[in-house]
Structure formats: structure tokens, C-alpha cells
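Trainee: Sharing a structure below in C-alpha cells format, with a few things to ask.
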Amino acid sequence: MILHSALVLLAASTFQIAAADPIKMSVLPPDCGLTEQQVIDLAFPDYRQHHTNPTTQDDRAHEDYYHAAIVAALTTSFGKGYGRFLIAAVDLRNNKCDFCQKTALLVIDQVTHALAWRSDSEGVSEPTPDWDGKALRLTRLFPDDPVLSLAYRWDTIGCAFGCGAARIYEEWLRPQLTATSSLVFDQAWGGEVGGYQRGDEWDHVLDGEMHSMWPKRGYKFTQHIRAGWNAAGEFDRSLDLIVNQEFAQDPSTMKLLPGATTLARHDSHPSSVFPFSLPIRALVFEADLLPPGGAKSGLNSVLSPDGRFVVERKRGGAGEARLDIRRSGESSPIREIWSERPAGGKSFREELDGLEFVSVGWTPEVSRCLVIVELGLQSGDLKLPPVLVSLTPDGKGDRWEGFLPEGYQLPDGFILDLPEPGAKALMPPKAH
């Protein structure tokens, strides 16, 4: 009986120890020849000192407030004649603060254990896993490329506690050896492949992907900005604005150089939110119909050419952008234009109207008021161009005229003739 009790106690003790102290699996390849501590020391030489000294941790004694970890690793030779290397991404978090992070990307010689190359990023969080669960991967730019390039993905956090915004980036690093046999990398390509924005403008998410155009020596980079709202005003990603950009390889540098950009739009259901609710005359406005651009004038109200109407920019009670169209000499508007997004859905922060009415004008015969609208849908380096919409004083026949060229501006009070289309305006196409 005593022996049986002792065995039961021993088994229970063993179970408690295993449950309280689970074994953390290392991401280092078993044949890399280095320990985690060796890699962390190469990434942040002063880490051990800071990690064990509470006075360097913002007067907080718990060691978790200063923590380094290897978040991704792999081994490779890149190609014939390069050697054998361990590649590791090491993340350092300080004081559990989204602003207090850095990531080191290391390339370590497996024979000498010396650091062959590194890249440091301030203010970035741990690399976000790729769709296959990897923040690091190796790829040939094209099937006949003799070397493997390194694809590295990481994210940035826009504010503490994970709110506000995040941007996910990927860059392709192509190796080469210098005249002294040193290993260096050139960025063959880099772009934003994911992220989200909420709170300060329309809630939206972004994702992007590169597609090879082989046997043509180029790629097509497709980015989706997804927004949209259901009937209750809740975010549902029903609106998909698509940016396609082609990249061609420079034969001398091997870099992928940006080329032509095209826009597309798919709606999974009709929207009731301005301006996405408007019938589309053209997704992109014909550049030949535009006059030379001019600087913004910043006027709040613009009189129609015949003096009958006034269009005025305003701000609503929640700070949203608004337009009033009224008859000259009258104070009450005959039309109020704003997003009219239903107040629905619970969130940490009230979602704001993303619109900005950049400039307003008229057609010569005053049948339409013209408005250049910033949509407030952007992510990092990707910013959609403004869209030209046309509005009628009586609210009948409003249209989405088309995206304008990037960077194009017109001053308040501009006059633009819009040839009437020969066919009915098209509604937004449905997603396939």
C-alpha cells in the first residue's frame, strides 16, 4: 500500500512538472551548428546584460519585459560557390510595448559561426508568418536563375495594444559575392503584402501577392484593399479595390522595376455608402478629357457659373466630411451629401468616415456639381487616387465618373465638360 501510494505521488509530481514547464521547441534547424543563445548574442550583443539587469528595463524587474526570440530560421547555400549559411530572424521586445521592438535579420556562416550579413529594422514586431507558416523562404526569381533569393516577411504595428493599423511587408533579397568574396544582398523587390486600418478612417484590410509572368521576365503584383459594410453598417469586406502593377527585370541589376498600373473594382453586394453606391460611368476617368491640373485653393464654398447654386464643404458633428448644395441667397440646403454609413457594429474605437472632399466645381451648363473625393482607403505606400463624382442639384443621376491620375489636382471652382455617355451607366461588377 505504501509503495502504491508513493508511485501515485511520483506520477502526480511528474505530471505537474511537465504541465507547469512545457518544453519550447527551437526553430533552429538541427544541423545548423549553433545554439539559440549564440544566435541571439550575434543579433543583440548586449542582450544578456539588459535581460538580467532590472535597471535597464524601465525600472521593471520582471525579465519578460525584455525578451529576445528567434522567430524563423533556415539553412541554405544560395547557389554554387557561396558556402553554407544559417539565416535567422531575431525579434527583441522591450517593455511589452508595440513601439519598443526591433528585428534583426542575420546571415551566419555555418563553418566559422561569423556574421556574414545583417539587416536591422527599428520599431517592427516579430515577422508575421507567411501563408505556409514561414516568415523566411527561398525562391528563384525565375526558373533559370542560378541563385536562390531570400524572401523575408515582417510586420509593423501602428499603435500600442494592436489597435489602429498594421502593415505587413515582404522583400526579396538576391545574394551576390563581392570582389573580396564578401556576401551582400540587393533588394530585387519589396512591397506591402498585408495589413489593416481601423479607427482613424474607413476600416479596411489589405493583402497582396506577386505572380510570375514567366517566360516573360516579369511579375504582376496584385494588391487588394477590402472595405465595405452590410445593411447594419458593419464591416464585411464586400468592396474589393484592386491595384495591379507589372514589374520587369532589369538584366544588368536583376532588380524588378515597376511598370504600368491598372485598377479594378468588385462588389459582392450593392453598397448604400457614398460614393460606392453611385452608378459607375467609368472606373478610371479618361485622361484626355482632363484639363491641366492646378494647385488646391482651399475655398469652402463655390458659386455655380450661372449664379443659381452654391456648393459648400462642411464638417458634421462627428467630424465627417459633408457637402451642401443650396440655392444662392438661401441658407437651407436642397441637398446634403456625406457617407451616410449606418451607425452599426461594436468596435474599440468609433469608425470614422474616410472621405475628404478635395475640391469642387461644376459643368459649364450647371447640370452637375463635380467633386474630387479622397476615399480614405490606403495602406502604407499604397494610396488609391481620388475619384471624380458628379452630383445633380435634385439628386437624380449622380455618377461615379472615374478615378483620376495619381497626384492630379484641380482648384475649387474648376469647370469641366463631361460628354454625356451614349449608354446607361454601369453598376459595380460583382466579384467572381
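Trainee: If I model a spin label as a point 7 Å beyond the Cα along the Cα-Cβ vector, how far apart are those points for Asn230 and Trp214 in nm?
Mentor: 4.3 nm
Trainee: Continuing with the same structure: How much length would be gained if the chain were fully extended between Asn244 and Lys134, taking 0.36 nm per residue of separation minus their Cα-Cα distance, in nm to one decimal? The partial results should precede the final answer.
Mentor: Numbers: separation 110, 0.36 × 110 = 39.60 nm, distance 2.50 nm.
Between Asn244 and Lys134, full extension yields 37.1 nm more.
Trainee: Of the options Ser328, Val302, Val387, report the single residue whose Cα projects farthest towards the positive end of the charge dipole of the stretch 287-415 (beta-carbon charges: Lys, Arg +1; Asp, Glu -1).
Mentor: Going by the charge dipole, the pick is Ser328.
Trainee: Based on the mean of other Cβ atoms within 10 Å per residue, sort peptides 33-44, 362-373 so the most packed one is first. All intermediate terms of the calculation are to be shown ahead of the outcome.
Mentor: Working: 33-44: 17.3, 362-373: 18.9.
The most tightly packed comes first, giving 362-373, 33-44.
Trainee: Shifting gears a bit: At 7 Å along Cα-to-Cβ for each site, give me the label-to-label distance between Glu420 and Ala282 in nm.
Mentor: Simple spin-label model gives 1.8 nm for this pair.
Trainee: A further question on this structure: Give me the percent of DSSP beta bridges within the stretch 287-415 that run antiparallel, rounded to the nearest 5.
Mentor: On the way: 30 of 32 bridges.
So the antiparallel bridges amount to about 95 percent of the total.
Trainee: If the only charges are +1 at each Lys and Arg Cβ and -1 at each Asp and Glu Cβ, what is the size of the charge dipole of the stretch 287-415 around the Cα centre, to the nearest 20 debye?
Mentor: 280 debye
Trainee: Filter the GluC sites (Glu not before Pro) in the stretch 255-330 down to the DSSP loop ones having no more than 13 other Cβ atoms within 10 Å, then list what survives. All intermediate terms of the calculation are to be shown ahead of the outcome.
Mentor: Values: sites: Glu286, Glu312, Glu320, Glu330; in loops: Glu286, Glu320, Glu330.
Sites meeting the loop and neighbour criteria: Glu286, Glu330.
Trainee: With only Lys, Arg, Asp and Glu charged, each at its Cβ (+1 for the first two, -1 for the last two), find how big the charge dipole of the stretch 162-282 is about the Cα centre; round to the nearest 20 debye.
Mentor: Values: 11 positive and 15 negative charges, 86 e Å.
It works out to roughly 420 debye.
Trainee: Same structure again: Test of understanding: ordering Glu356, Glu406 by Cβ neighbours within 10 Å, fewest first, what list do you get? Walk me through the intermediate numbers first.
Mentor: Values: Glu356 14, Glu406 10.
With the sparsest Cβ surroundings first, the list reads Glu406, Glu356.
Trainee: So what is Rg over Rh here for the stretch 287-415, counting just Cα atoms and using Kirkwood for Rh? Before the final figure, lay out the partial values.
Mentor: Details: Rg = 15.3 Å, Rh = 15.7 Å.
My calculation of the ratio gives 0.97.
Trainee: Taking the Cβ of each residue in Trp338, Trp154 as the centre, tally the other Cβ atoms inside 10 Å and list the residues starting with the fewest. Display every interim value, and only then the final one.
Mentor: Details: Trp338 19, Trp154 23.
So the ranking, lowest neighbour count to highest, is Trp338, Trp154.
Trainee: Applying a 10 Å radius around every beta-carbon, put 274-282, 302-310 in order of their mean neighbour count, most first.
Mentor: Values: 274-282: 18.4, 302-310: 15.9.
Per-residue Cβ counts within 10 Å, averaged per peptide and sorted highest first, yield 274-282, 302-310.
Trainee: Using the 10 angstrom Cβ neighbour count as an exposure proxy, how do His51, His113 rank, fewest first? The partial results should precede the final answer.
Mentor: Values: His51 19, His113 14.
Placing the least packed residue first, the sequence is His113, His51.
No lab work stands behind these numbers, since they all come straight from the coordinates. This is a predicted model, so every value here is computed, not measured. Glycine also receives a Cβ, built like all others from the backbone with ideal geometry; neighbour counts cover every protein chain displayed.
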